[in-house]
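A.B. asks: The structure follows.
The values are calculated or read from the model by the stated rules, or taken from the named source; none is laboratory data. From a predicted model like this one, the values you see are computed outputs, not experimental measurements. Note: ideal-geometry Cβ built from the backbone for every residue, glycine included; neighbour counts use all protein chains shown. Ligands, DNA and RNA are excluded from the accessible area calculation, which covers all protein heavy atoms including side chains. Shrake-Rupley method; radii C 1.70, N 1.55, O 1.52, S 1.80 Å.
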Amino acid sequence: LPMAFRDVNARRHIGLQQLSSLAGAGRTLLGPMKSCKFIVDESTNQSTLICSAVRLIESLDLTSAAGQLLNETIQAQNREFKTGMSTLLFLVGAWSNAVLECLQQNVPVSAIVSVMSEGLNSCCEKVQCLQISIHDVNKELCSSSVRPHAFKSKTHQIGCDSLLNPQIFLNFQKETSAPEEIVLINFRSHQDDDCNFNKHLVSPLVSFGSIAPLVKPTGDKSMSVITGSGISAYSCNQKKLTHSRYFSTLGKSHFSSQQHDFQGYLSGQSAEPCECYGLGHLAMALSHGNPTSMKLLQSIVAYQQERAEWSGSSQFNIAEVVTCCLLGLPESYSCVSPGFVTLVSPEQATVIKFFEDKPLRILLMDGDLTEQYRHLGFNRACNVRTILEHPGLQEDRAGDLWLRNMLDILTSFEVNLVLVKGNVCENLLEGCIANNILVIGSVARDVLCAFREVTGAQPVTYLTQLKASCLGSGAQVELWKASDGRAMDLGELVPVRVKVQGIYLLTAVLTSTVASKMQLIEDQFWTFVYRLHHALNDGKVFLGGGAVELLCLSHIQMLGDQPLQPTNKNTVKDFHNPWLAASVSEYKSVVLQALARGWKQYLSMVMCNTAKATSELQACTSIEHHLQKAADCGSPSAYILKEFRRGNLFRGCSSPFADHTEVLNVYDNVTAKTEAWRRALDLVLLVLQTDAEIITGPKRNQLLNSHKSSEFMFL
């Protein structure tokens, strides 16, 4: 080898070693059954429970250049997808170690970069055969996902607060000799003040006055849906019901002993089997764990689907979802509440009693409500000098004048409620409380948009811009109530709910009695929400449970046995040194094995984290067993698809919701997963080339970068 390569391999690649060390801290964060970590702040001695790569990296002291690049890469993945960060972090560590092993075997840097890049591109193209459209997934979930057991008695009462009036008896006689069954359902308007919203979600047919009952005679194995045009029947497999699109949390007080015996569904207008459950089960298949957050998401999906089927809007709108974290309540109090739930001070909460249930005049502020705030792009006047005889006294007088002017504006327009996007001046806040004006700061832009649409309010940047036409009406404020009907007073902060007729905004109220766990619960919820969001945007999903990574391993084994050919005949001439093109082919097998090692370690770590493999050796043995079977089959993708359908592919990687008698398959996002792969490899190769340039110098490293002038592909 030339002296340049010997220098690179003889010296230490500090950047790659730092990446490997940092990524090693997140090995337990991989897979559906993650092991949480406590992060302790030495300055405050406060601890936080984390279970994501983002929070881990944010908590580490990243002083090195490689650490900062890793942080930027993970933050970019988080900003765009909100999922896939743990996969990215793990593969960064695995591929950093793999590259270091290649360097120890004197593999040229150019060969590592070229072969790994083309190998990953080839794998991304190969795994497209494991993509399934959302429509096909819905069909599969409808025919094979979690289903209820049959009724054990002829008459059952379903305690679900829903969308109509007192009690409706649904009685449908089917053409069968079996005695019919009667389902008794409690209905209540979803526009009421019951904050336990996730307990009363049913079909859009019921909410708009027509009923879509499903009543099944004992012993009948078909399910019937009554629509506006008639009745259609279809067959469905019967399995245990643990989650439902419409009754995600069934009241224990109503039929706790009969939860698993519920067979009735209220469905939408469509009689297609693939649409009878909507997106609820897809959300479960994408959640990969945490039933509490998954149930909240199913409730949100059911509500939005109900509206979408009648308004023609998007079936799932992430902009209509916000969260509110309540510390001090058990996690069982978590629910979905219509409107905007937020926390205010006890002094602000006292203002609410003056409002009663009267509609309020609402003002929306698109900025800070402070004296010093200026909008983005504001240019102060030049060449202006202010001379004050008593600067301190004059500033106090100016502040008091501004405060009085703002209060005069609010009172003159009879404003009752102010939602502010940014911060609020403390003195102004106190003045508003004295004048029975409720001001809520740090409100998300999506919340302001939701209230703008239904109240007619127009956001203003400064209070001096306020006009009567900018105010909205119809808003109401009340103390948020828990599922047992009691208003909550959590001491320093009080939860309140802002609502208005016709608003589509939903608040996921997340509760916990452990302060260090609150951030973890919120992160997990948003991860589930964005997985469903990206799946619908992509229109397709990957087979989950390690199927995609297994196909990558099988494909790379095949690539290793094939010769590497250039894309054109003049490729070798394009190299500054012709021997470099030959070296790429010479080391192809070694580099591909290093690339495959990352996915193999990924699969084995997931199996170990789910306790389905007692050791990494046992996990690797299982992986090799599947690889051998896939090779013997002749079509690895067909073998993987067949084993996935049967639930035999890495059973430990299946859904945590499945019991011992059934395995519920899981799915992964397409774009988020492949982008995590690419970002991980790009970061490793960037650090590799940077290390090589630091070691050999920029001039001598031109030889190492000469691979950029040629392209290879695997045939």
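A.B. asks: When the stretch 78-96 is examined, which residues are found to be closer than 20 Å to Ser117 by Cβ and either without any contact (Cβ under 8 Å) to a residue 12 or more places away in the chain or assigned to a loop (DSSP other than H, G, I, E, B) (or both)?
C.D. replies: Result: Gly84, single match.
A.B. asks: Just for the stretch 619-641: of the residues that are touching a Ser or Thr at 6+ places or on another chain (Cβ under 9 Å) and more than 13 Å from Ala547 (Cβ to Cβ), which one is surrounded by the fewest Cβ atoms within 10 Å (Cβ to Cβ)?
C.D. replies: Ala631
A.B. asks: Please determine whether any residue of the stretch 453-461 is in contact (Cβ under 8 Å) with a residue 40 or more places away in the chain and within 26 Å of Leu326 (Cβ to Cβ).
C.D. replies: Yes, some residue in the stretch 453-461 is in contact (Cβ under 8 Å) with a residue 40 or more places away in the chain and within 26 Å of Leu326 (Cβ to Cβ).
A.B. asks: Ok, one more. What number of residues within the stretch 672-696 satisfy the criterion of being open to solvent by 20 Å² or more (accessible area, probe 1.4 Å), within 16 Å of Ile112 (Cβ to Cβ) and hydrophobic (A, V, I, L, M, F, W, C)?
C.D. replies: Of the residues in that region, 2 qualify.
A.B. asks: Count, please, the residues in the stretch 490-531 that happen to be under 22 Å from Leu419 (Cα atoms) and open to solvent by less than 20 Å² (accessible area, probe 1.4 Å).
C.D. replies: 13
A.B. asks: With (1) under 23 Å from Gly472 (Cβ atoms); (2) modelled with pLDDT of 85 or more; (3) part of a loop (DSSP other than H, G, I, E, B); (4) open to solvent by 60 Å² or more (accessible area, probe 1.4 Å) as the list, and Arg374 as the residue in question, which single condition is left unmet?
C.D. replies: (1)
A.B. asks: I would also like to ask the following. Please pick out the residue among Val336, Val341 that is modelled with pLDDT of 90 or more, in contact with a helix residue (DSSP H, G or I) (Cβ under 7 Å, 6 or more places away or on another chain) and open to solvent by less than 70 Å² (accessible area, probe 1.4 Å).
C.D. replies: Matching residue, one of Val336, Val341: Val336.
A.B. asks: Quick one: Met365 ticks every box in (1) modelled with pLDDT under 95; (2) crowded, with 22+ Cβ neighbours inside 10 Å bar one, so which box is it?
C.D. replies: (1)
A.B. asks: State which residue pairs qualify: first residue assigned by the TED database to the domain that holds Val447 and without any contact (Cβ under 8 Å) to a residue 60 or more places away in the chain and inside the stretch 415-433, second residue assigned to a helix (DSSP H, G or I) and basic (Lys, Arg) in any location, beta carbons under 8 Å apart, and separation of 6 or more residues or different chains.
C.D. replies: Going by the 8 Å Cβ cut-off, the qualifying pairs are Lys421/Arg445.
A.B. asks: Still on this structure: Would you mind telling me which numbered condition in (1) outside the structural domain of Glu675 (by the TED database); (2) small (Gly, Ala, Ser); (3) modelled with pLDDT under 95 Ala547 fails?
C.D. replies: (1)
A.B. asks: Determine, yes or no, whether Val109 is open to solvent by less than 40 Å² (accessible area, probe 1.4 Å), farther than 30 Å from Ala611 by Cβ and in the same structural domain as Cys552 (by the TED database).
C.D. replies: Taking the combined requirement at face value, the residue satisfies it.
A.B. asks: Mind listing whichever residues of the stretch 331-358 are in a loop (DSSP other than H, G, I, E, B), touching a residue at least 60 places away in the same chain (Cβ under 8 Å) and within 24 Å of Val509 (Cα to Cα)?
C.D. replies: Ser334, Gly339, Ser345, Asp357
A.B. asks: Take Glu58 and tell me if it is in a helix (DSSP H, G or I), acidic (Asp, Glu) and at pLDDT below 95.
C.D. replies: yes
A.B. asks: Helices (runs of 4 or more DSSP H) wholly in the stretch 610-715 with at least 3 residues that are at pLDDT 90 or above and closer than 30 Å to Pro108 by Cβ - which ones?
C.D. replies: In the stretch 610-715, the matching helices (runs of 4 or more DSSP H) lie at 616-633, 670-696.
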